[in-house]
Amino acid sequence: LGLQDHQVRHLLLSLELPRHLWKPFGQIAHQLYRCFHENDATRAEIDPLALTRSGQLVALDGNLIIDDSALFRHPELADMRDLSAESPQEMRARALGLSYVPLEGEVGCLVNGAGLGMAVMDMIHAAAVRLGAPEVSLANFIDIGGGARSDKVIAAMQIITSQAGVRALLFCIFGGITRCDEVARGIIEAMSRITLNAPIVARIDGTNAAEGRAILKANES
């Protein structure tokens, strides 16, 4: 339905704006919503919205965050992207179609599903608190998606291990269309390509899980 007039009136009453500012405030609110909607934004913000001494409402600054997944509909906005503000890991993950989320902990995490990644983050936090080490948390997580083959697993491992501060790796895979044996082959191949002095924990279940575990066990060192 979009922004409704009654919602704008509710804001006006909450802000206790003088009556002569109701119309300009309503125009600003509706234009802000239109900007949010038409650009597929995840956030559109005016901060601050100032009331001048002459009685005018002025947007002094603004912030617009665009949904990356919608940029194909807005090539003019995609061209404005400042790649210098992004890390090499984020740029490479995007080029490969991987969802990479940098954090500030020390455990790198590879999962197949963003929901699984969030659940693992909560589990790591709960376990760290229970063990008396609340400072332990994820350094990042990368979502390889469904049906990922070994080459994508290799690339994902290279990305998460290239982030500074990663001291351990955790793989949490629930194979549906993703085959656990393919993930295991990717892990083994990646280990032959990168230098990593950190413990690795792999939890794989689902499609071809037994084969995947056998591959990992055969290559234990």
Look through 86, 16, 38 and report the one residue that is open to solvent by 50 Å² or more (accessible area, probe 1.4 Å) and under 30 Å from residue 114 (Cβ atoms). 38
Of the residues in the range 26-85, those that are part of a helix (DSSP H, G or I) and of a type in the set (Ser, Thr, Tyr) come to 33, 69, 84
Any residue at all in the range 160-172 that is in contact with a Phe, Trp or Tyr (Cβ under 8 Å, 6 or more places away or on another chain), within 25 Å of residue 88 (Cβ to Cβ) and in contact (Cβ under 8 Å) with a residue 60 or more places away in the chain? yes
Can you name the residue in the range 86-103 that is in contact with a strand residue (DSSP E or B) (Cβ under 7 Å, 6 or more places away or on another chain) and part of a loop (DSSP other than H, G, I, E, B) and, of all such residues, is nearest to residue 168 (Cα to Cα)? 103
Using the structure shown, decide if residue 78 is touching an Asp or Glu at 6+ places or on another chain (Cβ under 8 Å), free of Cβ contacts under 8 Å to residues at least 24 places away in the same chain and not polar (S, T, N, Q). no
Any chance residue 86 is in contact with a helix residue (DSSP H, G or I) (Cβ under 9 Å, 6 or more places away or on another chain) and free of Cβ contacts under 8 Å to residues at least 12 places away in the same chain: yes
Can you find even one residue in the range 5-22 that is among the hydrophobic types (A, V, I, L, M, F, W, C), more than 24 Å from residue 65 (Cβ to Cβ), without any contact (Cβ under 8 Å) to a residue 40 or more places away in the chain and not in a helix (DSSP H, G or I)? yes
Quick one: in the range 47-74, which of the residues that are open to solvent by 70 Å² or more (accessible area, probe 1.4 Å) and of a type in the set (D, E, K, R) is nearest to the chain's Cα centre (by Cα)? 68
All but one of (1) at pLDDT below 90; (2) over 22 Å from the mean Cα position of the chain (by Cα) hold for residue 205; state the number of the condition that does not hold. (1)
Kindly indicate whether any position in the range 43-64 is hydroxyl-bearing (Ser, Thr, Tyr) and farther than 27 Å from residue 158 by Cα. yes
Hey, any hits in the range 88-96 for a residue that's polar (S, T, N, Q) and under 30 Å from residue 198 (Cβ atoms)? yes
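The values are calculated or read from the model by the stated rules, or taken from the named source; none is laboratory data. Bear in mind the structure is a predicted one, so any value in this text is a computation, not a measurement. When we count neighbours, we look across all protein chains shown, and the Cβ atoms used for this are built from the backbone with ideal geometry, even at glycine. The accessibility values were calculated without ligands, DNA or RNA, using every heavy atom of the protein model including side chains. Shrake-Rupley method; radii C 1.70, N 1.55, O 1.52, S 1.80 Å.
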